[in-house]
Amino acid sequence: MQPPNLDPDSIRRQLERILSSAGFSRSDRLSRFLQFVVEQQLEGKGEEVKESVLGTEGFGRSPGYNPRADSVVRTEAAKLRARLLEYYTADGIVDPILIELPKGGYAPVFHLRAGSASDVGSTFAPNAPTSITITLCFSSGP
């Protein structure tokens with residue numbers, strides 16, 4: 001899914017920002033995984049990327065790869081989701097484009113961050129995360 005006015009070049013620039021971050025530059029496997037699914041989505045093949053396809057094309061498993069017997073794709077997808085969350089709460093906190101890998105599938109979705117002044121000239125942002133304020137309270141007690 002891609003919001004209107006969000007072009008593939010902008011998404012690819014965002015992908016490069018993510019891949020060059022400390023959290024991704026140290027993990028070749030997660031970087032390749034993210035790059036593969038983003039490129040597949042941009043080519044209109046996102047819905048075709050299934051666990052078996054990722055296992056064979058992304059993780060080098062044999063053509064007879066059985067996702068039920070080998071959970072590498074699900075395990076790495078969970079790690080990728082966590083790493084993306086870390087990225088967007090630190091290095092990417094002001095990035096205008098969000099790349100998300102929703103649970104239950106391997107097709108990424110792209111959002112414009114709410115209120116961002118992006119290089120694509122739109123602030124359309126359905127379901128985009130907003131900032132979170134955390135207040136810590138300390139009490140003096142026994």
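Please treat every number below as a calculation from the coordinates, not as lab data. Predicted model, so just to flag it, every value in this text is computed and none were measured. Virtual Cβ from ideal backbone geometry, glycine too; neighbours counted across all protein chains shown.
A few remarks follow.
- Restriction of the GluC sites (Glu not before Pro) in the range 13-99 to DSSP coil positions whose beta-carbon has at most 11 other beta-carbons within 10 angstrom yields Glu43.
- Longest to shortest principal axis, alpha-carbon extents of the range 8-112, angstrom: 42, 27, 20
- Ile93-Glu16 FRET efficiency (beta carbon distance; Förster radius 25 Å; 0.05 resolution): 0.90
- Local charge for Ala22 was computed over the other residues whose Cβ lies under 14 Å away, with Lys and Arg +1 and Asp and Glu -1, and equals 0.
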